[in-house]
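Worksheet: the structure to be examined is printed underneath.
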Amino acid sequence: MKYTTIVSVAGQATLWGFPMSEFGRRLRIERLRCGLSQSALADKAGVSLRTLASYEQGEREPGIENAKRI
C-alpha cells in the first residue's frame, strides 16, 4: 500500500476506502497476503507487536502516523 488516505464519508472515518471499523480485518488480510507475520510487520512499521495485534483484533484503531507507517 503506497498511499494512505483517511477521509470522512457521511461522518464515518475511512482508511483506504474502508470504514475504520474494518481496518483490523483488512490489515490482517493484507499482512497475510504479503506473507508477513505480525512480528515482521510490527518491526517494519515501527510499532509494538501488541499494538499491531490490537489493531487486527479491533481493540484499537491507529492514529494517522501509525496508519501511514503500516
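The values are calculated or read from the model by the stated rules, or taken from the named source; none is laboratory data. Please read these numbers as outputs of a predicted model, since none were measured by experiment. So basically every Cβ, Gly included, is an ideal-geometry build from the backbone, and we count neighbours across all protein chains shown.
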inquiry  = With the requirement that a residue be surrounded by 16 or more Cβ atoms within 10 Å (Cβ to Cβ) and assigned to a helix (DSSP H, G or I), what does segment 52-70 give you?
reply    = L52, A53, S54, Y55, E56, N66, A67
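Based on what the data block shows, is L41 out of contact with any His (no Cβ under 8 Å at 6 or more places or on another chain), modelled with pLDDT of 95 or more and part of a helix (DSSP H, G or I)?
Yes; evaluated as a whole, the condition is true for this residue.
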